[in-house]
Structure formats: C-alpha cells, structure tokens
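S.K.: The structure that follows is given in the form of structure tokens.
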Amino acid sequence: MEEFSTDILIIGSGLAGLMAALEAENKGLSVTLLGKFAIGMGTNTSLASSFTAANSRFSKEDHLRATLVAGKGLNRPNLVNVLVEEGGSAIARLIGEGIPMIEDGIGYDPDFNQPGSQLPGVLLMRRLRERLRNTTVRLLPGLTVFDLVVEGGELQGAFGFFRDGKPCLIRAKAAILATGGAGAIYGRNDNQRSILGDGYGLALRAGLPLYDLEFVQFYPFVLAEPRLSSFILLALPEEGRLFNEKGEDVLEQMGIEEPLPRAILTQRDRLSRFLHEASQGGDVYYDLTKVAPEAWTRFPFNFLEKSKFPFRERPFLVAPAVHFFMGGAEIDEKAKTTIPGLFAAGEVAWGVHGANRLGGNAVTECVVFGSIAGQSAVEYVCRQAEGQGSRLTPEAFHRRWERKAETYLQKKRGVFDHPRDLMKQLRHLVWQYGGPVRQESSLAEGVETLAALQKRVERVYPDTLPDLFGKRVLENMTLLTQAILKGSLLRQESRGAHHRKDFPDQDNQNWLKHTCYRLEKGEMVITYRSVVTLC
Ligand SMILES: Cc1cc2nc3c(=O)[nH]c(=O)nc-3n(C[C@H](O)[C@H](O)[C@H](O)COP(=O)(O)OP(=O)(O)OC[C@H]3O[C@@H](n4cnc5c(N)ncnc54)[C@H](O)[C@@H]3O)c2cc1C
C-alpha cells in the first residue's frame with residue numbers, strides 16, 4: 001500500500017477543487033489535489049460555460065431575488081448572501097488567473113476566442129491546471145477515494161485505489177470534499193460518466209448527514225437520438241424551434257412567452273416536466289434547420305457538425321435529462337462541515353440552491369466556495385497544535401487500513417451479478433421511479449424493487465480491477481437512489497424540481513422544511529429540519 005502525508009488534501013479536481021488548491025497554495029503548507037482521472041478532466045465543470053453574477057444589467061439584488069425565487073424557500077440565506085456578495089470577486093479572481101470573461105445575460109461567459117477548437121469549460125480547466133503546474137501543489141490524477149478517514153471525530157485523511165488497483169492511504173490535517181454531483185446515476189443524464197455521487201457516499205459513511213437529496217434538477221432537453229450521446233444543447237439560438245409529433249409548438253402549448261433560451265434558465269423544472277410528459281405520449285423534436293449557415297462554424301453548432309447526424313438538414317429527437325443535484329453536505333459560510341478538518345465546496349455541498357437552481361449559479365458557487373474552502377483549510381491547519389492528530393501510532397494506522405484494503409479485494413467463488421449489469425438496472429430504476437414526475441404508487445414500487453437489487457449488490461465480489469471500482473460505484477448508487485426515492489415518497493408536495501403528480505401544489509404549511517438523511521448502522525434514517533428564513 002502506498003502511503004504519504006499532506007497538510008491539505010483536496011478530493012476532486014473540478015472547478016471547486018482547483019479554486020481551493022489555488023487559494024491554499026503558497027501558504028507554507030503542503031497541498032495535494034487528486035481526481036479520478038486527469039486533473040480537471042472528466043469533470044462536469046469541463047462541460048459548463050455560464051457564470052451567473054451581478055453585472056452592469058443584473059444587480060446583486062436581482063441575483064439574490066432570482067436565486068431565492070428558483071429555490072422556493074429552501075435556500076440557506078447565509079450561503080446565498082455569500083454567493084451574491086462574492087460573485088463579482090469570483091469573476092475577478094478568474095480573470096486574475098488568466099481566464100478571459102465577458103459580460104453576457106445575467107452574468108459572464110469565458111471568452112477564449114478559439115472558435116471550433118474546444119468546449120469553453122475544457123479550456124477553462126486546462127488554463128487553471130497549467131497555473132497549478134507552476135505551483136508546489138502535488139497533483140495526483142487517477143486516484144479514486146473510497147473512504148474518508150475519520151478518527152476520534154476528526155478528519156485524518158483518505159483512503160483509495162489507483163487505477164492499477166494499488167491501494168493508497170493519505171494522512172491529512174484537513175481535507176476538502178469537491179467531488180461534484182451524481183447526475184450519471186440516472187438512466188438519462190447530461191453529466192460526465194464518472195459523476196456518480198461518490199462524495200455523498202463518502203460523507204454518509206463518515207457520519208455526515210446529507211440534506212434535500214430528493215431535489216434533482218432535470219434539464220428540459222438534451223439530444224435523444226438513438227446511438228448519440230445525451231449532448232446538452234447550450235447557447236440555444238433564437239431560430240431554434242421545439243415541437244411535438246403533431247407539429248405543435250411546445251412553448252405555445254405551455255403559454256410561455258419568453259424566448260426558449262431564457263425560459264431554459266428561468267423555467268427549467270416546468271419545461272422538463274412538460275417535455276417528460278409530452279415524450280411519454282409521443283416524440284418531441286428540436287429544429288435547427290433555420291439557423292444561418294455562417295453560425296455553424298461557431299460554438300455550439302460546430303460541435304454538432306462533428307456528429308454523424310444531419311442537424312442542419314432535419315429536426316432531431318430531444319428529451320429531458322438529469323442535470324444537477326441540489327442536495328448534499330451541510331457547510332457554513334466558511335465551507336466547514338460538521339466534522340472538524342473536513343470542508344466541502346461545489347456541487348457536493350448543500351444549501352445555496354434550495355429546491356431548484358438558477359442557471360449559471362453552480363460554477364459561480366464553485367469559485368466562491370472553492371476559494372473559501374481553501375482559505376478555511378489553511379487557517380484550520382495553521383491553528384492546529386504541533387503533533388496534534390491521530391491517537392493511533394503510524395504503524396497501527398497503517399495496519400488498520402491495510403486490513404481494510406484486503407477486505408475490498410476479497411474474492412469469493414460462485415456465480416454473482418456483474419457490476420455493469422446491476423449499474424444498468426439501477427440507472428433505469430432511478431430514472432423510472434425518481435424522474436421528473438413522481439407519485440406514491442410508483443415511488444413505493446421503486447423502493448421495493450431497489451431493496452431486492454441492493455441484496456444483489458451486496459453479493460458482488462470483485463474478481464477483476466473494474467469490478468473493484470464497480471462495486472463501490474454500485475454501493476454509492478444504491479445509497480443515493482434509496483435517499484431519492486424514500487425522500488420523494490415522504491415529501492407529499494411539489495416544490496421546485498421535485499414534482500409529485502398526486503400532490504401537485506407547494507405546501508408551505510407542512511413541507512417548508514429540509515430533509516435530513518443519515519446512515520445509522522447501515523440503515524438510511526430520514527428526519528426533518530426547519531428552514532432559516534431571511535429577516
Ligand atoms: C452539461 C452540463 C452543463 C453545465 N453547464 C453549466 C453552466 O453553464 N453554468 C453553471 O453554473 N453550471 C453548469 N453545470 C453544472 C456545473 O457544471 C457543475 O455543478 C459544476 O461544474 C460542479 O463542479 P465541481 O467542482 O463541484 O465538480 P466537477 O467539476 O464535476 O468535478 C468533480 C471532481 O471530483 C472527482 N471525484 C469524484 N469522486 C471522486 C472520488 N471518489 N475520488 C477522487 N475524485 C473524485 C472527479 O474525478 C472530478 O475531478 C453544467 C452541468 C452539466 C452536466
């Protein structure tokens with residue numbers, strides 16, 4: 001087993017992780033940044049493009065109001081205030097790191113002025129990674145964390161496996177969880193394939209409660225042509241048209257007067273539900289054939305041009321997909337979790353978005369809270385007394401985790417399910433029962449079906465290297481699916497992205513509260529917590 005120590009460990013190399021690392025570097029501490037793959041890549045950030053923040057046409061007050069309106073009473077006001085107040089500095093911070101940003105709509109977009117080459121998110125991540133390469137931050141790609149190491153109630157490090165199956169124990173004085181969301185656990189999603197909710201599993205198993213996991217954001221439409229990936233259609237043109245099998249205009253049917261690109265930002269949940277129900281009864285199409293020929297050399301049309309599908313010539317099938325998780329780990333304004341030494345930032349953290357997220361707020365949140373987490377981790381480590389740390393001797397610590405590594409690699413003879421098959425079934429299940437439109441009968445059926453699948457997941461023994469990672473993914477997926485289905489079953493109302501067909505109205509009298517998920521002796525326990533309102 002490989003073993004090493006660092007002052008600050010950052011788990012996840014998306015925008016939240018990279019900003020935390022840039023903040024923590026050069027403070028006289030050792031900092032390690034790791035990700036499952038190449039640093040910055042395979043992240044949802046590499047797919048993103050728009051940052052919401054106050055600009056010359058969109059004030060801080062507008063930003064605050066729009067975030068709270070979307071969140072439907074479940075945003076945590078202290079965190080929203082930080083996001084809004086620090087949004088402008090976050091954009092300035094990116095510019096300071098060499099990212100060209102231009103004002104657009106209700107915020108800013110990266111403007112790399114490299115038409116046709118790469119997605120803006122990829123260029124953004126590359127540039128930040130280059131910056132980090134010129135620092136003393138240790139970059140550790142290809143390491144998947146399986147467990148947070150918590151001893152005596154305090155964070156002590158993390159344990160995981162490299163892609164070649166070699167176990168690795170990292171002792172750390174502080175850690176920042178920046179593992180992103182979990183969109184790829186769903187059958188139809190627009191996330192990177194590796195965004196599977198590991199961070200939620202790590203947090204729950206470390207004893208941290210998670211909140212509001214039933215609030216999953218659906219993007220109204222992504223490419224749904226068979227054999228093409230669920231590509232999200234960013235930067236929609238005014239000329240684009242959405243219609244059903246009968247040729248009826250979907251926006252007209254819904255009574256939406258604002259243009260589609262704007263409606264996608266402000267009415268994401270409504271559009272998703274409508275398109276979900278419409279696509280149950282027939283196909284829904286998007287038509288780009290009226291887009292001017294010169295536009296096809298520019299982003300995002302140049303990306304569609306790379307595909308085999310004739311987008312310029314005929315309309316194509318679209319359908320909603322999972323996009324973002326609003327729930328997650330509790331943090332305070334300093335990005336502290338309730339485990340001393342553990343901080344969290346980015347999509348894995350809960351609170352800013354409430355029951356639904358305003359478009360563009362996720363990446364601004366990553367910059368704001370990623371930087372804060374880096375700063376707080378530095379302060380925490382500097383305050384720690386010399387020699388403070390694990391009560392176990394390094395040898396005992398090592399032995400404990402070597403034994404743990406052996407249990408992960410334990411093999412058994414017999415015929416067991418293949419992780420890939422179970423993953424497929426789980427993805428289908430969570431989409432079918434925990435999708436854009438939910439109701440009691442199907443949610444209850446989903447919970448029952450999941451219990452049977454869970455037993456089969458427990459009986460998977462890793463025979464190969466992919467199975468070792470596959471089993472952990474399955475365990476995380478099962479935990480999260482359980483939370484989403486049970487939390488949705490209990491929440492007898494519709495609010496933001498959570499829609500119950502049998503309880504179509506928002507019920508502030510009974511349900512203006514947060515759902516708290518905790519793992520106790522392996523069982524998911526659900527309780528509720530009051531909301532804090534703005535004075
Ligand atoms: C297609 C698409 C477009 C989007 N567009 C926008 C947009 O324009 N504006 C906006 O605000 N938001 C957008 N979002 C949402 C936004 O991109 C994400 O919420 C945000 O980028 C998340 O950043 P993050 O740093 O938290 O996580 P990510 O960028 O997803 O990075 C997660 C990191 O954690 C690592 N990781 C996970 N588990 C482990 C583990 N067990 N061990 C080690 N490493 C691990 C991963 O390898 C990765 O490095 C979009 C999302 C999608 C899917």
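S.K.: Set the Förster radius R0 to 45 Å, insert the Cβ-Cβ distance between Glu520 and Thr266 as r into 1/(1 + (r/R0)^6), and round the FRET efficiency to 0.05.
M.R.: Efficiency for this residue pair is about 0.70.
S.K.: Using a Förster radius of 35 Å, what is the FRET efficiency between Arg529 and Asp463 based on their Cβ-Cβ separation? Nearest 0.05, please.
M.R.: 0.25
S.K.: I've got another one for you. What does the net charge come to around His514 if you take all other residues with beta carbon closer than 9 Å to its beta carbon, with K and R at +1 and D and E at -1?
M.R.: +2
S.K.: What ranking do 7-16, 247-256, 491-500 get when scored by the average of other Cβ atoms within 10 Å per residue, highest first?
M.R.: Answer by packing, highest mean first, reads 7-16, 491-500, 247-256.
S.K.: How much net charge surrounds Glu103 when only other residues with a Cβ under 10 Å from its Cβ are counted (Lys, Arg +1; Asp, Glu -1)?
M.R.: Net charge around Glu103: -2.
S.K.: Calculate, in nm to one decimal, what Asp62 and Glu305 gain on full extension: separation in residues at 0.36 nm each, minus their alpha carbon distance.
M.R.: 83.8 nm
S.K.: Then there is this: Can you order the peptides 290-300, 223-233 by their average number of other Cβ atoms within 10 Å per residue, highest first?
M.R.: 223-233, 290-300
S.K.: How high is the relative contact order of the chain? Use alpha-carbon pairs under 8 Å, at least six apart in sequence, and give a whole percent.
M.R.: Value for the chain: 21 percent.
S.K.: Quick query: amide H of Arg241 versus all other amide H atoms, modeled in the peptide plane; which residues come in under 5 Å with a sequence gap of 5 or more or a different chain?
M.R.: For Arg241, whose amide H was placed from the backbone, the distant partners under 5 Å are Asp287.
S.K.: Distance in nm between label sites at Glu238 and Ala292, each 7 Å beyond Cα in the beta-carbon direction?
M.R.: Here the modelled spin labels are 1.0 nm apart.
S.K.: Could you put Glu25, Glu130 in order, starting from the residue whose Cβ has the fewest other Cβ atoms within 10 Å?
M.R.: Fewest-to-most Cβ neighbours within 10 Å comes out as Glu130, Glu25.
S.K.: Here's another thing I want to ask about it. Which whole-number percent is the relative contact order of region 162-208 (Cα, under 8 Å, 6+ apart)?
M.R.: 28
S.K.: Another question, if that's okay. Provide the gained length on full extension for the span Lys412 to Glu248, in nm with one decimal, where the gain is 0.36 nm per separating residue minus the Cα-Cα distance.
M.R.: Residue separation times 0.36 nm, minus the Cα-Cα distance, leaves 53.3 nm.
S.K.: Cα axis of helix 60-71 to longest principal axis of the chain: angle in degrees, 0 to 90, nearest 10?
M.R.: 90
S.K.: While we're here: Using helices alone, I'd like the mean residue ellipticity at 222 nm for the chain: each DSSP H run of four-plus residues gives -39500 (n - 2.57), total over residue count, nearest 500.
M.R.: Calculated from helices alone, the mean residue ellipticity at 222 nm is -12000 deg cm²/dmol.
S.K.: Let me ask something additional. Spelling out what I want: for every residue of region 227-232, take phi, set θ = phi - 60°, compute 6.51 cos²θ - 1.76 cosθ + 1.60 (Karplus), and round to whole Hz; glycine and proline get x.
M.R.: Here the 3J(HN,Hα) series is 6, 10, 5, 6, 5, 7 Hz.
S.K.: Check Val150: other-chain or 5+ apart residues with amide H under 5 Å from its amide H, H built from backbone geometry?
M.R.: The list, which skips near neighbours in sequence, is Gln156.
S.K.: Excluding residues on the same chain fewer than 8 positions from Lys60, give the aspartates and glutamates whose Cα lies under 19 Å from its Cα.
M.R.: Partners within reach: Glu85, Glu86, Glu103, Asp104, Asp109, Glu333, Glu365.
S.K.: Find the relative contact order for region 223-321 and round it to a whole percent, using C-alpha pairs within less than 8 Å whose residues are 6+ positions apart.
M.R.: 37 percent.
S.K.: As a quick test, which of the pairs Lys424/Lys455; Lys166/Lys411; Lys246/Lys308; Lys166/Lys336 have an alpha carbon distance above 20 angstrom in this structure?
M.R.: Check vs 20 Å cut-off fails for Lys246/Lys308; Lys166/Lys336.
S.K.: A follow-up question, please. Does anyone have the angle between helix 120-133 and the longest principal axis of the chain? Alpha-carbon axes, 0 to 90°, nearest 10?
M.R.: Helix 120-133 sits at roughly 20 degrees to that axis.
S.K.: Between Glu225 and Arg403, how many nm apart are label points set 7 Å from Cα along the C-beta direction?
M.R.: Between Glu225 and Arg403, the simple spin-label model gives 5.7 nm.
S.K.: When you count, for each residue, the other Cβ atoms within 10 Å and take the mean per peptide, how do 466-478, 203-215 rank with the highest first?
M.R.: Output ranking for 466-478, 203-215: 203-215, 466-478.
S.K.: Could you go through region 41-50 in sequence order and give the Karplus-derived ³J(HN,Hα) for each residue, using 6.51 cos²θ - 1.76 cosθ + 1.60 with θ = phi - 60°, rounded to whole Hz, and x for Gly and Pro?
M.R.: Working through the residues one at a time gives 9, x, 9, 5, 4, 5, 9, 8, 9, 10 Hz.
S.K.: Once the Cα atoms of helix 465-490 and of the chain are each reduced to a long axis, what angle between those two axes, in degrees from 0 to 90 to the nearest 10, is obtained?
M.R.: Approximately 60 degrees, to the nearest 10.
No lab work stands behind these numbers, since they all come straight from the coordinates. From a predicted model like this one, the values you see are computed outputs, not experimental measurements. Please note: Cβ atoms are built from the backbone with ideal geometry, for glycine as well, and neighbour counts cover all protein chains shown.
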